[in-house]
Structures are given as C-alpha cells and as structure tokens.
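The values are calculated or read from the model by the stated rules, or taken from the named source; none is laboratory data. Keep in mind it's a predicted model, so treat the numbers as computed, not measured. Neighbour counts run over all protein chains shown; Cβ positions are idealised from the backbone, glycine included.
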Amino acid sequence: MKKNAFLIAVIFILIIISCTRSFCEVIKSTIIGTTDDKLYVATGENIVINAGKNYGITKGDILSIYKKDEKPAMVNEISRCVIIKTEENISICNIINARIEAGKGDYVFFKRLEYGDPQLYPLIYTTLNELLAPYEDYKKIRIYVHNIYDEKNNITEFSQLIKEEILNIFKKKERLLIDTTALNEYMNFQDHYFYSDIDRSKQENINALKKKMEQFNIDAVITGYYTVKNNDIMVKLFLVDKNQEDKSIKIFTNQKDYSNKIAEIIKPYKPFKGKEFVDYKFILNIKDYLPDRDEQREIIRLESEKEMNFRFKFTETKNKFNRISPSDINIKVNDVLIRDIQRGEVYEKTFEKGKKRILVSFIPVLYDNELEIIPLKKEIKKEILLDLNDENDIFVEVFLDASYGKELAEIKVFKKKIDEKIKVKSIETIKEKLPSIELYRD
C-alpha cells in the first residue's frame, strides 16, 4: 500500500513539473454542495464543485475525488464523478464509482484545459460545449475537423493556426475521437453548406453531407472561415451534427496580431471536384426447397457418398430435415458488404459512381422447420461487373435458389422500374478459373 501511495505521489509531481505554463496545471477544487444538501453522498448522487468553465471543464469530464484530510493529496482516490453541467465558476458532477462516500470539504483534482492562443480559445471552447451538449455524459464522440478558409476559400497560415488550435484543445478531451482524413475527398468548401450573409445552412447539401457522415461513422463535423475588414477579423466556425440542428459560432478579434499569417497562402483556392454518388436499390428473393420423404432419403444417401459421417448425423440421432434454404448469404459491391437486407424487401444503398463488381454467395443448409440442422459442403456464387454510363434508378435483383442439385445464384439489373430489364449493348463473359464473371454495359 505504501509503495502504491509513493508511486501515485511521484506521478502527481511529474504532472505538475510537465505543466510549466500558467494554463497547464493541476487544479485542486473543493466540493461545496451535495444532492439535497446531504452530509455525504455515494454512487448516483451529485456533488457541486467550485470550478467550471473558468478552468475549461466540460460536460463528460471524469474527475477523481479525495478526502479533505488526505496527506499527501491524490494518494487514495475515494470515488469518481462525471460532469453533467457546467457554469462559469461551478460544476455539477455525478458520482459514478464510490469506494467511500464524499461530502462537503472533500476535493477533486483535474488538469486545467490547455490552449495556445488566448484570442481563439473562447471561440473554440464555446464550440466544444455546443458539440458536447446533446450527448450522454460519457459517450465517445467521433469528430471530423475539416479545413478553415479565408473569404476566397484559400487556406492560409491563419487558417491552419485555427485548425491546429481546434485539434489541440479537442484532443485534451478523452471522449472525443478526432479524425482529419475520413471526409477529405467528399467535403466541399464551407460556403457549399452555409450562406455567408445569413446564419442558415443549405439543407440539401447538408443532408448529403450527413449521409456521408453516417457512412463513415462520423458524429459531428467542424469547418469554418474568416473575413478581414479594416483592422478586425471575424472568425466563424460551423458545427454539423448528424442528429442535431446545424450551428455557427463566431468571434471578432484584432487583425494586427495575425497579419503575417493572413497574408501567407498555403493552399490557394481550386474548384472542388467532388465524387458523385448514386443510390442503388436491391431486392433479395429466395426460393426454399421442400423435399418429400423419398427426396430426403436420396439427399442423405448422396451427401453420405461425399462425407462418410453425414448419414450418422441422422441415423445415430433424432435429427431430421424438411427444408433446404440459403444461409450465410453474402452480397458484396466492390468492397462494401450489404448488411441487413431482408427477404422480399427493397434495400437502398449509396455508392460512388463508377464500375461495380457485385458478388453474391450462399451455402445451402438443411432445416427442420426453423431449426438449423447441417450445412451442405458447397458454396454457390455469382459475380458480375457493371459498367454503366447512367446509374440513376438502378434496381439489382438477387435471386437465390436452394433446390437440391440445381442450386443457383442470379443477379439481374433493372432500370427505373422493376419490370424493365436494363438494355445491354453487350454481355461479355470473362473467363476465369471459377466463377465466370458477366460484364454488363448500357
């Protein structure tokens, strides 16, 4: 126990030594209130501490609690709490793991939020709080930080300074998972999504962006721009959350502190050529095979010739079967696996325009009503290549037939209406070892 206490004390000293600047320090805050003004509180109850936004605390921060008479401090943690609400000088923290009850006069320790630019910090900290507000207290949030531009959509040294400051501050919050590459090829300039003269977003473009966010598992996007007028700079950040309303936050600051960085263009404006996308609709149709008793016996006989213990799985047990159906169904478009597609329903998926390699496979499985008995040792596959000039209103019908000895996987491509088969100029079979691949062109 003494050895552990010594190690914790050493770590605490190292943290203090590593934070030499005034805004990088470990803060000791006091518990000044409790739920219903109780003397002591435990897991599930709240405490109030005398520190808040003035120290960079945000919703979801997890703090450690220590007894007021602990010497040396930060040796024996008695509980932990998660911040659920912050104000300027106080915060409410919900106890999530209590070894010992906490009460007024006990302490919490935390590291003051670091920042590099004091003029940009209020803007970024406000954006951070707006981002965290709708989420559960300790849910992980995946953030994509896009570029910041000048009013002509150039990226300048000042643009980069703003972006780097956002990244530096956001990375201090452990619940934020920061990404700077996922949407880089898909996101346009900020004025493609937001009007410059009014605080309003362009909903059609925002909705398209949110679809990409859903595809790449991004919860929120940060982008923005700045303008220079006389001696003032207006910096505006945009927050796009896939489940919330879009928000903008802005500040005004003095140009003279950043004039050299504003003048230095790192990446001049170049029209954005985004990738084009199209919606494909998939229909999955399945044909089960229902053998009679004679056919069942014949299937057991034939499969036993391929696998010696196949017969014993039925003769030595009470197993029986009355149906063969496709199982382990895979539908893959390029490298994207189509999941959650249901039999007989239309399933819609967005893809980038261009050639598509569609692969379908399944394994025939013997069932006794709804009980899976045994898979057959065969995999049925079909693969086609689509090379279409016009990919609008495309339907892809996948048909899987589990008829014993006549198993089949088919892929049919239709245009606009399900009963209009696509007109194909040429159908070419690319001969490979197995399976063959059909090439469809319109």
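Observations on the model:
- Given (1) over 25 Å from Asn254 (Cβ atoms); (2) without any contact (Cβ under 8 Å) to a residue 60 or more places away in the chain; (3) in contact with a Leu (Cβ under 8 Å, 6 or more places away or on another chain), number of the condition Phe109 does not satisfy: (2)
- Applying the criterion of at least 2 residues that are touching a Lys or Arg at 6+ places or on another chain (Cβ under 8 Å) and among the aliphatic types (A, V, I, L, M) to the strands (runs of 3 or more DSSP E) found wholly in segment 211-311 leaves 232-241, 277-287.
- Taken over segment 174-186, the criterion of being more than 11 Å from Phe216 (Cβ to Cβ) and crowded, with 18+ Cβ neighbours inside 10 Å is satisfied by Arg175, Leu176.
- Residue within segment 242-258 that is more than 20 Å from Phe189 (Cα to Cα), touching a helix residue (DSSP H, G or I) at 6+ places or on another chain (Cβ under 8 Å) and modelled with pLDDT under 90 present: yes
- The requirement of being basic (Lys, Arg) and more than 20 Å from Lys273 (Cβ to Cβ) is satisfied by Lys173.
- Hits in segment 327-339 (condition: part of a loop (DSSP other than H, G, I, E, B) and either at pLDDT below 85 or surrounded by 12 or more Cβ atoms within 10 Å (Cβ to Cβ) (or both)): Asn334, Ile338, Arg339
- Annotation note: of Tyr107, Tyr138, the sole residue that is touching a strand residue (DSSP E or B) at 6+ places or on another chain (Cβ under 6 Å), among the aromatic types (Phe, Trp, Tyr) and buried (at least 19 other Cβ atoms within 10 Å of the Cβ) is Tyr107.
- Lys270 being under 29 Å from Tyr144 (Cα atoms), of a type in the set (Lys, Arg) and surrounded by 12 or more Cβ atoms within 10 Å (Cβ to Cβ): no
- When segment 162-173 is limited to residues that are in contact (Cβ under 8 Å) with a residue 40 or more places away in the chain and assigned to a loop (DSSP other than H, G, I, E, B), the one that is surrounded by the fewest Cβ atoms within 10 Å (Cβ to Cβ) turns out to be Lys172.
- The residues of segment 174-197 that are in a loop (DSSP other than H, G, I, E, B), over 29 Å from Thr58 (Cα atoms) and not charged (D, E, K, R), listed by number, are Tyr186, Asn188, Phe189, Tyr195, Ser196.
- Near pairs, Cβ below 7 angstrom, 6+ apart or cross-chain, from segment 147-161 (among the charged types (D, E, K, R)) to any residue that is assigned to a helix (DSSP H, G or I): Asp150/Ser159; Glu157/Lys261
- Scanning segment 285-298 for residues that are touching a residue at least 60 places away in the same chain (Cβ under 8 Å) and of a type in the set (D, E, K, R) yields Lys287, Asp288, Glu295.
- Look at (1) in contact with a helix residue (DSSP H, G or I) (Cβ under 9 Å, 6 or more places away or on another chain); (2) closer than 25 Å to Glu410 by Cα and you find that Lys320 fails only one, number (2).
Here is a yes/no grid of residues against (1) in contact with a strand residue (DSSP E or B) (Cβ under 7 Å, 6 or more places away or on another chain); (2) touching a residue at least 40 places away in the same chain (Cβ under 8 Å); (3) within 14 Å of Gly224 (Cβ to Cβ):
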| residue | (1), (2), (3) |
| --- | --- |
| Cys93 | yes, yes, no |
| Leu113 | no, yes, no |
| Glu130 | yes, yes, yes |
| Glu185 | no, yes, no |
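- Test: residue in segment 299-315 that is of a type in the set (S, T, N, Q) and in contact (Cβ under 8 Å) with a residue 24 or more places away in the chain: no
- The listed residue being farther than 28 Å from Glu352 by Cβ, among the charged types (D, E, K, R), surrounded by fewer than 20 Cβ atoms within 10 Å (Cβ to Cβ) and not assigned by TED's automatic domain parsing to the domain that holds Lys353, out of Asp232, Asp288: Asp232
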